[in-house]
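Student: Here it is, the structure, as structure tokens.
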Amino acid sequence: MTTSNKLPIYVALISALLWGVWWYPIRVLDSVGFDGLWAGVAMNAGALPGLLLVLLWRRPTAQISRKAALGACFAGAAMMLYSAALVDTSVLRAVLLFYLAPAWSIALEWMFLGRRLRWINAVALVLAVAGVVLIFRGNITFDDWRVGDSVAVLSGMCWAVGAALIFTAPASSLRQLSLIACLSGIVIGVGAAVIFGSGLPQLDLDFRAIVPALSSGCLYLAPILLATLWSARRLKPATLSFLLTAEIISGVATAAIFLSEPFGLPEIAGTVLIIAAALTEVAPAYSDQS
């Protein structure tokens, strides 16, 4: 296998590790007045200038199809819902519930892409579920279920659908896909805030609110969004979703270090199982790239 053939896998892994610290800029924006959904809206708005510059830098050579555009919209919705979940529930729960996405991706590939289910797929799903149960320390009940937990599950579903649409669509401009994903995230976030009566964010009338939004959007969100969608065009949805579970490593570790969220033997064992689940799915794709 050549390095160029492996590149989408490497890019997806690096992107995943960067997505794992997504909670930090979200929490920073929440602290300066962008509460709830508005934190995600602010970061997406901050990414717009950078994405527009990239788009205007060179005219796209490929036209974007409706299918790819719809996939980008779902990807934008996934980002927005995920950011809302990070504010309403713990980082650990949001990350893990989002990463039920591989299960949705396998189901979509089976139903619509002609994928043949194999025993190894069942092993991957069992390992992933066992990992989630361990990290929750077996205490998975609806008594402690939050709105943010449901939003995290929904965000994973949206990502699975978006990745499937982008992968199966004709080749499209990456810059256009990223811009659509960003814009859809803003529209969905504002719409949801209005529907649920969140009200306008309470901001300080200085740069303490504008600078974090602009810097986190342009320097953090825009690059990893471009990288992730670039991989989504080249890797099967389930493969990409399992690769992105590497986010659990950086997400759980940084939350434990900086937020003092629980991280003992159950969390370590659960993380190992989830990563093992990812490897069982990714290994065949890795060999296929040779």
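The values are calculated or read from the model by the stated rules, or taken from the named source; none is laboratory data. Because the structure is a prediction, the values reported are computed rather than measured. Cβ sites come from the backbone with ideal geometry, for glycine too, and all protein chains shown count toward neighbours. Surface areas here come from the heavy atoms of the whole protein model, side chains and all, with no ligands, DNA or RNA. Shrake-Rupley method; radii C 1.70, N 1.55, O 1.52, S 1.80 Å.
Student: Could you order Leu179, Leu221, Leu259 by accessible surface area, starting with the largest, using a probe radius of 1.4 Å?
Tutor: Ranked list, largest accessible area first: Leu259, Leu179, Leu221.
Student: Mean separation of Cα pairs under 8 Å and 6+ residues apart, divided by the residue count of the range 2-104: what relative contact order is that in percent?
Tutor: In percent, rounded to a whole number, it is 36.
Student: Could you please report the charge total around Leu37, scoring K, R as +1 and D, E as -1 over all other residues with beta-carbon less than 13 angstrom from its beta-carbon?
Tutor: Around Leu37, the surrounding residues sum to -3.
Student: Right, another one. Determine the per residue accessible area of the range 68-133 with all protein chains present and a 1.4 angstrom probe, expressed in square angstrom.
Tutor: 39
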